[in-house]
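What follows is a single structure, written as structure tokens, with notes after it.
FYI, it's all coordinate maths here, none of it is from the lab. All of these numbers come straight from a predicted model, not from anything done at the bench. Positions of Cβ are generated from backbone atoms using ideal geometry, with glycine treated the same way; all protein chains shown enter the neighbour counts.
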Amino acid sequence: MANVCVSLGIQALVFQSSIQQNLKYLLEEDDNIRSDSLNAVLQVLENILNDQTQLNELFKQLIDSSLAEVTNFYQLFWKSALQTLCRFVEECIFVDISNVLTSFMQKATSHLETVHGMKWDIKIPNSWLSQPFVSSVIPPSPSTQNDNEGFNLLFKVIFLQRGRLSHIHRMMAWHPEYLRRFHKASSMVLRVEESPLPLAWRQFLCIMACTEHKCSYLLEYHIKEFLEEDGDQEWLKGVENTPQKIKNISEFNALLAHQPWRINNHVMEGLLKGDAAWSPAEIMNAILILSTIHSLSSLVYALGILPEIDSVFVLQQSKRLCSPNMSRPDCQPIQKWNEIIRKTMLDVVNDENSVTPEDQANFFATVTASESGSEVESTDPSASEPESPTAVALFSLLSSLQTNGSQISYVDFDIKSPDYHVFRAQEWSWAENGYKTVQHILPETANAVDEEFRYILSMTDSKMNGIQTSTTAPFRQAIWHYTHRLYGILHDDYNYQLLNKLIPRKLKSFVKLVACQPEKIERSRVHDIDLDLQPYEIVHVVLLIIEARKQAELLYALRAMMKFKMLS
């Protein structure tokens, strides 16, 4: 039964990716080309609608014949197609295309119900048409609703390049300038043609990365991207069906996600030597991909990102598509913490006392991971218990794609461990070493990623909960350095005594979960952090955490890579 579910899940996603590939032909600025493409797409759909045998003719190489006895492919195709068309219409920047496709969907659903007795509950909720809920805990960004020419141009660029506006992009829209830099960097890593790795390989690495935190939202997204790039469907049935090079990187992926401090030159040797060796450029591209998707998994869980309309989970999510849960605990102690942090930030700015590197190392050692609070068991926020066959199928797919055969999981960094050591940033930093290592092989990618790091570290409106503050730099730096502390990275120029003054206990617990075990985050957790913050400020905190996490993974992996090259 599990194999049938996996095949069924792949088949549904194959149909969706096929429709999406055809819809991408509509993303032309030229009105005439767009009109011709639209007519061609509609003609294909009309043919299938009026003649079931056309489905087998058009998709005979894609349809899994082993499922013939358990699946009505005609019904499965139209369910997948209508979900994809709904999502495309909602996001499409071309009004003429939206109107025509909406008219076609109304005709198709009426025909399917009248002629074939197929009833559909696939609808675009009215609230999504004007202000779609993209998160279960954070309201939509006002930027996505305002008639802002610069912002609309950014969304237009993203839509034309990708054929969709994901809910991740919509959530990042709280900070448009960050979104601009993130989009540039992620495009360089995942989508540019001139890259060491083929596009399908890059998407499969994304699939492997998101399985480490069981992130079904990203899993479905990247399976569709993988299929759109003509990826081999057999790979989706398990990593054992992939080339040896892919198999070889499985354990590295798990280490990078959960215990990157264990990545050393010996680990890199297993990837860079042998008959199925990765080239230095390929492994660098892979490292950037894996670290990017690991960090995005953290964001999806932390901000409760909901699935898009064309997700196979959308039917189960209907009961959760309501106003985001912004309920908070008693505000009196929260307001007290806000005042303490504002005063501490001002004291930090005015404090001219220096702390020696020896003192910093001692303070670093006293900031234990156990301060971060108890672990909270939870489930994937992008999915409840599966109910539809396709939802069951995607859960089966997630299980089949688990690449962590050695069951590597997160454990606290042990500062006293004899097996690894504290990573000293003054000896090997991103600015002086990591950036230059990437720049040597992938210069444009290095510049884009570096710009992303620099911007998130400096991004501020000098407010906390809407109240003007002389500076928020100490608080932002505390979030960044505490995340690095969780990964065993010591910055000699940072005063670790500030962490307990600037980060409340519950916020520490939240930071640790986001950075290290995002799959354990509960839906309401983001509002139980002992601070009163505006929605855009909560998003800002999460962006700081995920970027610090990504940089930590890059530092460990790139340093190990360079050590191997020096010793070989």
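For segment 472-522, taking Cα atoms only, Rg and Dmax work out to 11.0, 35 Å respectively.
Distances over 12 Å make up what percent of all Cα-Cα pairs in segment 458-497? Counting every Cα pair in segment 458-497, those more than 12 Å apart make up 61 percent. Can you list the lysines whose alpha carbon sits under 19 Å from that of LYS107, skipping same-chain ones fewer than 8 residues off? The qualifying lysines are LYS79, LYS119, LYS123.
The H on the amide N of ARG424, modeled in the peptide plane, is under 5 Å from the matching H of LEU490, each at least 5 residues off or on a different chain.
If you take all other residues with their beta carbon under 12 Å from the beta carbon of LYS565, and give Lys and Arg +1 and Asp and Glu -1, the sum is +2.
The alpha-carbon of LYS463 sits under 28 angstrom from the alpha-carbons of these lysines, leaving out residues fewer than 8 places away in its chain: LYS184, LYS336, LYS343, LYS501, LYS506, LYS508, LYS512, LYS550. In this structure, the amide hydrogen of MET464, modeled 1.01 Å from its nitrogen in the peptide plane, lies closer than 5 angstrom to those of THR469, counting only residues at least 5 positions away or on a different chain. In order along segment 458-469, phi translates into HN-Hα couplings of 9, 5, 6, 10, 6, 10, 9, 6, x, 9, 4, 10 Hz, rounded to whole numbers, per the Karplus curve 6.51 cos²θ - 1.76 cosθ + 1.60 with θ = phi - 60° and x for Gly and Pro. On the principal axes of its alpha carbon atoms, segment 400-551 extends 43, 35, 35 Å, with the longest extent given first.
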